[in-house]
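Remarks on the structure that follows.
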Amino acid sequence: MTPEDLHARLLYRDGLMLVVDKPAGIPVHKGPKGGENFEAYFSELRFGLPRNPALAHRLDKDTSGCLVLGRHHKALEKLGLLFKQGKIRKTYWAVVEGHPQEAEGLIDLPLARLDQDRGWWMKVDPAGLPSQTRWTVLERMEGYSFLALEPLTGRTHQLRVHCASQGWPILGDPIYGTGTKSAAMLHLHARAVAIPLYKNKDPIEVTAPLPEHMRKTLERDVAQLPTY
(Lines give C-alpha, C1' and ligand atoms only; values in the text may rest on other atoms or scores of the structure.)
Protein backbone atom coordinates (compact mmCIF):
# COMPACT_ATOMS: atom_id res chain seq x y z
CA MET A 1 0.00 0.00 0.00
CA THR A 2 1.50 3.34 -1.05
CA PRO A 3 1.27 6.51 1.07
CA GLU A 4 -1.15 7.85 -1.54
CA ASP A 5 -3.36 4.77 -1.20
CA LEU A 6 -3.39 5.13 2.57
CA HIS A 7 -4.12 8.87 2.52
CA ALA A 8 -7.01 8.23 0.12
CA ARG A 9 -8.50 6.01 2.81
CA LEU A 10 -8.40 8.72 5.47
CA LEU A 11 -12.01 9.52 6.37
CA TYR A 12 -11.50 11.92 9.29
CA ARG A 13 -8.64 13.74 11.01
CA ASP A 14 -8.30 16.11 13.96
CA GLY A 15 -5.79 16.67 16.76
CA LEU A 16 -6.85 13.57 18.73
CA MET A 17 -8.17 11.04 16.29
CA LEU A 18 -8.06 9.58 12.80
CA VAL A 19 -10.68 7.38 11.16
CA VAL A 20 -9.45 5.32 8.21
CA ASP A 21 -11.23 3.01 5.79
CA LYS A 22 -9.62 -0.38 6.42
CA PRO A 23 -9.57 -2.63 3.35
CA ALA A 24 -10.88 -6.18 3.59
CA GLY A 25 -8.36 -9.00 3.65
CA ILE A 26 -5.62 -7.48 5.80
CA PRO A 27 -5.26 -7.94 9.59
CA VAL A 28 -5.11 -4.76 11.65
CA HIS A 29 -1.95 -5.84 13.47
CA LYS A 30 0.83 -8.40 13.16
CA GLY A 31 -0.09 -11.87 14.33
CA PRO A 32 2.14 -14.60 15.79
CA LYS A 33 3.18 -15.67 12.29
CA GLY A 34 3.96 -12.13 11.12
CA GLY A 35 2.96 -11.06 7.62
CA GLU A 36 1.42 -7.95 6.15
CA ASN A 37 -0.76 -5.91 8.49
CA PHE A 38 -2.51 -2.54 8.35
CA GLU A 39 -0.73 -1.19 11.43
CA ALA A 40 2.62 -1.42 9.60
CA TYR A 41 1.58 1.53 7.43
CA PHE A 42 0.66 3.90 10.28
CA SER A 43 3.98 5.77 10.06
CA GLU A 44 2.45 7.46 7.01
CA LEU A 45 -0.33 8.87 9.21
CA ARG A 46 1.71 10.90 11.72
CA PHE A 47 0.97 14.27 10.09
CA GLY A 48 3.72 16.01 12.01
CA LEU A 49 3.45 14.16 15.33
CA PRO A 50 6.52 12.31 16.67
CA ARG A 51 4.81 8.92 17.03
CA ASN A 52 2.56 6.74 14.93
CA PRO A 53 -1.17 6.71 15.67
CA ALA A 54 -2.42 3.52 17.33
CA LEU A 55 -5.48 1.32 17.22
CA ALA A 56 -8.35 2.37 19.47
CA HIS A 57 -10.25 -0.85 18.66
CA ARG A 58 -10.06 -3.79 16.25
CA LEU A 59 -11.73 -5.06 13.08
CA ASP A 60 -11.49 -8.64 11.81
CA LYS A 61 -9.06 -9.31 8.97
CA ASP A 62 -11.85 -9.71 6.42
CA THR A 63 -14.02 -6.84 7.68
CA SER A 64 -13.69 -3.49 5.92
CA GLY A 65 -14.61 0.05 6.92
CA CYS A 66 -14.28 2.58 9.73
CA LEU A 67 -11.24 1.99 11.92
CA VAL A 68 -10.56 4.50 14.72
CA LEU A 69 -6.99 5.48 15.64
CA GLY A 70 -5.76 7.60 18.52
CA ARG A 71 -2.99 10.05 17.64
CA HIS A 72 -1.25 9.99 21.03
CA HIS A 73 -1.46 8.34 24.47
CA LYS A 74 -4.05 10.66 26.03
CA ALA A 75 -6.28 10.37 22.96
CA LEU A 76 -6.06 6.57 23.12
CA GLU A 77 -7.04 6.59 26.79
CA LYS A 78 -10.08 8.75 26.05
CA LEU A 79 -11.16 6.69 23.04
CA GLY A 80 -10.57 3.43 24.92
CA LEU A 81 -12.85 4.58 27.73
CA LEU A 82 -15.57 5.61 25.27
CA PHE A 83 -15.44 2.19 23.60
CA LYS A 84 -15.44 0.40 26.96
CA GLN A 85 -18.47 2.39 28.16
CA GLY A 86 -20.36 1.68 24.94
CA LYS A 87 -20.64 5.36 24.07
CA ILE A 88 -19.34 5.00 20.52
CA ARG A 89 -22.13 4.00 18.18
CA LYS A 90 -21.08 1.60 15.44
CA THR A 91 -23.16 0.62 12.42
CA TYR A 92 -22.20 -2.25 10.15
CA TRP A 93 -23.63 -3.26 6.79
CA ALA A 94 -23.82 -6.96 5.93
CA VAL A 95 -25.18 -9.19 3.20
CA VAL A 96 -26.54 -12.37 4.77
CA GLU A 97 -27.76 -15.64 3.35
CA GLY A 98 -31.52 -16.08 3.67
CA HIS A 99 -34.13 -13.71 5.08
CA PRO A 100 -35.10 -12.62 8.60
CA GLN A 101 -38.82 -13.02 9.19
CA GLU A 102 -39.21 -9.55 10.70
CA ALA A 103 -38.08 -6.14 9.46
CA GLU A 104 -35.95 -5.46 12.54
CA GLY A 105 -35.10 -6.94 15.89
CA LEU A 106 -32.63 -7.49 18.71
CA ILE A 107 -30.40 -10.54 19.15
CA ASP A 108 -29.65 -11.03 22.84
CA LEU A 109 -27.44 -14.11 23.16
CA PRO A 110 -24.36 -14.49 25.40
CA LEU A 111 -21.11 -15.52 23.71
CA ALA A 112 -18.09 -17.51 24.86
CA ARG A 113 -14.95 -18.90 23.26
CA LEU A 114 -15.64 -22.07 21.27
CA ASP A 115 -12.70 -23.97 22.79
CA GLN A 116 -9.05 -23.42 23.70
CA ASP A 117 -7.82 -24.81 20.37
CA ARG A 118 -9.81 -22.45 18.15
CA GLY A 119 -8.22 -19.14 19.03
CA TRP A 120 -10.84 -16.41 18.73
CA TRP A 121 -13.69 -18.59 17.41
CA MET A 122 -16.84 -18.02 19.43
CA LYS A 123 -20.17 -19.72 20.16
CA VAL A 124 -23.52 -18.95 21.77
CA ASP A 125 -23.22 -20.06 25.38
CA PRO A 126 -25.66 -19.37 28.27
CA ALA A 127 -22.62 -19.08 30.55
CA GLY A 128 -20.89 -16.60 28.25
CA LEU A 129 -20.66 -12.81 28.31
CA PRO A 130 -23.82 -10.76 27.61
CA SER A 131 -23.99 -9.83 23.92
CA GLN A 132 -26.60 -7.79 22.06
CA THR A 133 -26.99 -6.84 18.40
CA ARG A 134 -29.73 -4.65 16.94
CA TRP A 135 -30.53 -5.36 13.28
CA THR A 136 -32.64 -3.83 10.51
CA VAL A 137 -33.41 -5.16 7.03
CA LEU A 138 -32.38 -2.62 4.38
CA GLU A 139 -33.16 -4.72 1.29
CA ARG A 140 -34.39 -8.22 0.47
CA MET A 141 -32.94 -9.99 -2.57
CA GLU A 142 -33.33 -13.44 -4.04
CA GLY A 143 -31.63 -15.70 -1.51
CA TYR A 144 -30.00 -12.83 0.40
CA SER A 145 -30.75 -9.88 2.65
CA PHE A 146 -28.92 -6.60 3.14
CA LEU A 147 -28.83 -5.66 6.82
CA ALA A 148 -27.73 -2.83 9.07
CA LEU A 149 -26.24 -4.20 12.29
CA GLU A 150 -25.60 -2.23 15.46
CA PRO A 151 -23.55 -4.07 18.10
CA LEU A 152 -24.58 -2.89 21.56
CA THR A 153 -21.70 -4.88 23.05
CA GLY A 154 -18.25 -5.51 21.62
CA ARG A 155 -17.58 -9.24 21.71
CA THR A 156 -15.20 -11.00 19.35
CA HIS A 157 -16.95 -12.14 16.14
CA GLN A 158 -20.25 -10.98 17.70
CA LEU A 159 -22.04 -10.00 14.49
CA ARG A 160 -20.90 -13.09 12.64
CA VAL A 161 -22.01 -15.49 15.40
CA HIS A 162 -25.28 -13.67 16.09
CA CYS A 163 -26.31 -13.65 12.42
CA ALA A 164 -25.41 -17.32 12.01
CA SER A 165 -27.38 -18.21 15.15
CA GLN A 166 -30.53 -16.82 13.54
CA GLY A 167 -30.15 -18.94 10.40
CA TRP A 168 -28.85 -16.13 8.19
CA PRO A 169 -25.03 -16.26 8.25
CA ILE A 170 -23.03 -13.47 6.66
CA LEU A 171 -22.19 -14.16 3.02
CA GLY A 172 -18.63 -15.41 2.59
CA ASP A 173 -18.08 -16.29 6.26
CA PRO A 174 -15.82 -19.38 6.26
CA ILE A 175 -16.13 -19.98 10.01
CA TYR A 176 -19.78 -19.50 10.93
CA GLY A 177 -21.39 -19.61 7.48
CA THR A 178 -21.13 -21.58 4.27
CA GLY A 179 -18.22 -19.64 2.75
CA THR A 180 -14.82 -21.10 1.96
CA LYS A 181 -11.50 -19.48 1.11
CA SER A 182 -12.29 -19.86 -2.59
CA ALA A 183 -15.81 -18.45 -2.34
CA ALA A 184 -17.10 -14.90 -1.85
CA MET A 185 -15.24 -12.53 0.44
CA LEU A 186 -16.82 -11.77 3.79
CA HIS A 187 -19.67 -9.30 3.23
CA LEU A 188 -19.31 -7.33 6.48
CA HIS A 189 -18.48 -3.62 6.45
CA ALA A 190 -18.03 -1.15 9.31
CA ARG A 191 -20.19 1.48 7.67
CA ALA A 192 -20.31 4.23 10.30
CA VAL A 193 -19.15 5.41 13.70
CA ALA A 194 -20.48 8.22 15.89
CA ILE A 195 -17.94 9.32 18.50
CA PRO A 196 -18.77 11.78 21.33
CA LEU A 197 -15.16 12.88 21.60
CA TYR A 198 -15.59 16.51 22.66
CA LYS A 199 -17.66 17.79 25.55
CA ASN A 200 -20.63 20.00 24.64
CA LYS A 201 -20.28 19.11 20.96
CA ASP A 202 -22.26 16.73 18.78
CA PRO A 203 -20.71 13.30 18.19
CA ILE A 204 -18.31 13.08 15.26
CA GLU A 205 -20.04 11.00 12.59
CA VAL A 206 -17.95 9.23 9.95
CA THR A 207 -19.01 6.85 7.17
CA ALA A 208 -16.99 4.56 4.90
CA PRO A 209 -17.97 3.69 1.31
CA LEU A 210 -18.90 0.13 0.43
CA PRO A 211 -15.97 -2.07 -0.62
CA GLU A 212 -15.96 -3.21 -4.22
CA HIS A 213 -16.92 -6.85 -3.55
CA MET A 214 -20.05 -5.84 -1.60
CA ARG A 215 -20.96 -3.17 -4.12
CA LYS A 216 -20.85 -5.69 -6.96
CA THR A 217 -23.09 -8.11 -5.07
CA LEU A 218 -25.66 -5.43 -4.27
CA GLU A 219 -25.62 -3.76 -7.70
CA ARG A 220 -26.60 -7.09 -9.19
CA ASP A 221 -29.88 -7.18 -7.26
CA VAL A 222 -30.63 -3.72 -5.86
CA ALA A 223 -31.92 -1.04 -8.23
CA GLN A 224 -30.54 1.85 -6.17
CA LEU A 225 -27.99 1.50 -3.41
CA PRO A 226 -28.88 3.25 -0.15
CA THR A 227 -27.13 6.50 0.70
CA TYR A 228 -27.72 6.38 4.46
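The values are calculated or read from the model by the stated rules, or taken from the named source; none is laboratory data. These numbers were taken from a predicted model, which means no experiment stands behind them. Don't worry about glycine lacking a Cβ; one is built from the backbone with ideal geometry, like all the others, and counts go over all protein chains shown. SASA here: full protein model, heavy atoms, side chains in, ligands and nucleic acids out. Shrake-Rupley method; radii C 1.70, N 1.55, O 1.52, S 1.80 Å.
A compact table of results
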quantity: Residue under evaluation H162, criteria (1) modelled with pLDDT of 95 or more; (2) surrounded by 14 or more Cβ atoms within 10 Å (Cβ to Cβ); (3) not in a helix (DSSP H, G or I), criterion not met; calculated: (3)
quantity: Test: residue in the stretch 130-149 that is surrounded by fewer than 16 Cβ atoms within 10 Å (Cβ to Cβ) and of a type in the set (G, A, S); calculated: yes
quantity: Filtered residues of the stretch 47-71 (kept if small (G, A, S), in contact with a strand residue (DSSP E or B) (Cβ under 7 Å, 6 or more places away or on another chain) and over 18 Å from L149 (Cβ atoms)); calculated: A54, A56, G70
quantity: Identity of the residue in the stretch 139-165, aliphatic (A, V, I, L, M) and in contact (Cβ under 8 Å) with a residue 40 or more places away in the chain, that ends up nearest to D108 (Cα to Cα); calculated: L152
quantity: Leading residue by the ranking (farthest from L106 (Cα to Cα)) among those in the stretch 126-138 that are among the hydrophobic types (A, V, I, L, M, F, W, C) and free of Cβ contacts under 8 Å to residues at least 40 places away in the same chain; calculated: A127
quantity: Number of positions in the stretch 59-90 that are assigned to a strand (DSSP E or B) and of a type in the set (G, A, S); calculated: 3
quantity: Residue ID - nearest to G80 (Cα to Cα), chosen from residues in the stretch 8-52 that are without any contact (Cβ under 8 Å) to a residue 40 or more places away in the chain and open to solvent by less than 10 Å² (accessible area, probe 1.4 Å); calculated: V28
quantity: When residues of the stretch 138-159 are limited to those that are aliphatic (A, V, I, L, M) and part of a strand (DSSP E or B), the one farthest from the chain's Cα centre (by Cα); calculated: M141
quantity: Test for Y198: is it assigned to a loop (DSSP other than H, G, I, E, B) and under 14 Å from T63 (Cβ atoms); calculated: no
quantity: Some residue of the stretch 53-75 being buried (at least 20 other Cβ atoms within 10 Å of the Cβ) and of a type in the set (S, T, N, Q); calculated: yes
quantity: Residue in the stretch 112-128 that is open to solvent by less than 60 Å² (accessible area, probe 1.4 Å) and in contact with a Gly (Cβ under 6 Å, 6 or more places away or on another chain) present; calculated: yes
quantity: Residues that are within 19 Å of W120 (Cα to Cα) and out of contact with any Phe, Trp or Tyr (no Cβ under 7 Å at 6 or more places or on another chain), drawn from the stretch 1-26; calculated: A24, G25
